[in-house]
Amino acid sequence: MSSGIDADIALDAAVVLSLGMTRLLGHGAGLAGRGAEALAALAAGRAEARAAALAEVRTHERALRETVERNARIAALAETRAKIGAEVPLPGRLDPAERSAAELTAWCAATDPVLDEAERRLSEHLAAQVGAQIFDVPAEGLAAGVRDGSPPPRAADVREHLERIMVRLLPDAGEAERRAVAEAARLLAGAATPADAEGVLQEVRLRIQEANRRTRERREEERRLAAERDAAEQAEAERRYVLDSITAAFEDMGYEVQAGFETLTAEDGTVTLTKGAWPDHSVRMRVDDAAHVRASMVRERPAESEDDRRVDVEREREWCEAFEAARERLAGEGIRSDVAWRLEPGVRELPVSAEARQTRGRAAQRERSRERHK
């Protein structure tokens with residue numbers, strides 16, 4: 001082992017999935033029950049039990065995500081319903097807490113057709129609104145015909161045709177997209193011949209296609225942003241799990257974690273481990289994104305004798321043994337660490353902590369200042 005290390009961290013799938021579940025459920029830190037069972041089976045070497053528990057975690061986590069997606073769709077349709085003033089029933093959102101994977105999957109399956117029907121009815125309501133705005137107002141073109149006596153297009157036929165086209169407009173199309181479609185549809189009021197009406201309807205079709213394209217792009221962008229937020233929240237949950245586990249492991253072995261790992265939210269992400277029997281030594285540790293651990297022992301004051309250097313090596317060996325013990329414990333909690341680089345005890349002189357160097361530097365400056373003023 002070594003007094004200087006760089007280790008890569010890999011979290012067990014049970015930890016990753018369980019942390020995702022606790023986030024989706026809105027709970028605090030901790031593992032869901034099945035994830036804990038999978039880790040216990042892993043620690044006990046029970047491969048079949050672990051595989052079964054892990055499969056159940058995966059199933060439950062997938063069901064949770066599908067439930068969250070349906071809840072988000074319900075919220076979006078409710079917002080659309082309020083905007084266009086439609087009276088369309090929607091299912092209530094489901095709280096997935098304390099629900100089994102089977103219950104969540106069954107709810108999603110039953111909810112999907114209800115949401116499809118609600119979306120269809122919202123589109124119909126929007127189409128009827130536009131039709132009413134156009135045809136409930138006297139229109140010269142549709143009523144009067146043209147000078148050569150040819151019959152005008154029948155308003156009922158045009159309105160029916162328009163509404164068949166309008167139901168293709170996605171109900172959550174933005175205000176600008178709906179306005180563009182409505183502006184084209186209003187041109188029907190001035191259509192004096194069937195050919196004129198067909199030309200306007202074709203323009204309405206094109207604008208609906210464009211509106212739907214933009215709406216799908218917006219939906220995709222919202223999904224992308226949601227996925228980025230989810231990934232960032234998952235990474236933070238994994239980082240916090242690693243930090244809490246490392247903190248507990250070293251504290252149980254008699255170390256003090258100065259200021260707690262909360263300091264890892266600061267810019268450099270570095271913490272200090274100390275012990276009461278180490279007046280001149282400490283360990284600086286850094287955890288990066290729950291993926292890497294870097295640690296090295298430092299001195300609080302320069303070594304001044306061979307005896308100091310002998311103590312350095314003893315402290316380094318003690319730290320190495322503690323690190324190996326911590327690795328074994330963390331492995332049982334689903335945190336595997338592979339040492340990528342190490343420096344053996346006694347290979348190099350221990351560096352002096354930056355704080356100590358700064359203190360010595362200020363003291364030297366004061367001494368030089370006193371010398372100048374004598």
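Quick look at the numbers
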{"read-out": "Size of charge dipole - region 211-254 - debye, nearest 20, with Cβ of Lys, Arg +1 and Asp, Glu -1, no other charges", "value": "640"}
{"read-out": "Under-5 Å amide H pairs with HIS281, H placed in peptide plane, nonlocal only", "value": "GLU300"}
{"read-out": "Net lengthening on full extension, LEU25/ARG348 (0.36 nm per residue, minus Cα-Cα)", "value": "111.3 nm"}
{"read-out": "Approximate spin-label separation ALA13-GLN258, in nm, with each point projected 7 Å along Cα-to-Cβ", "value": "4.2"}
{"read-out": "Sites ILE84 and ARG58 - FRET efficiency at Förster radius 56 Å, r taken between beta-carbons, to 0.05", "value": "0.90"}
{"read-out": "Net charge of neighbours whose Cβ lies under 14 Å from the Cβ of GLU324, counting Lys and Arg as +1 and Asp and Glu as -1", "value": "-1"}
{"read-out": "5 angstrom amide H check on HIS292, placed H, neighbours 5+ away", "value": "ILE9"}
{"read-out": "R0 of 25 Å, Cβ-Cβ distance GLU48-GLU328: FRET efficiency to nearest 0.05", "value": "0.60"}
{"read-out": "Positive dipole terminus of region 288-354, leading residue within ALA295, ALA331, PRO345 (C-beta point charges)", "value": "ALA331"}
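Read-outs throughout are calculated quantities, based only on the coordinates presented, and are distinct from any laboratory measurement. Predicted, not measured: the structure shown is a model, and the values here were computed from it. Cβ atoms come from the backbone with ideal geometry, glycine included; neighbour counts cover every protein chain shown.
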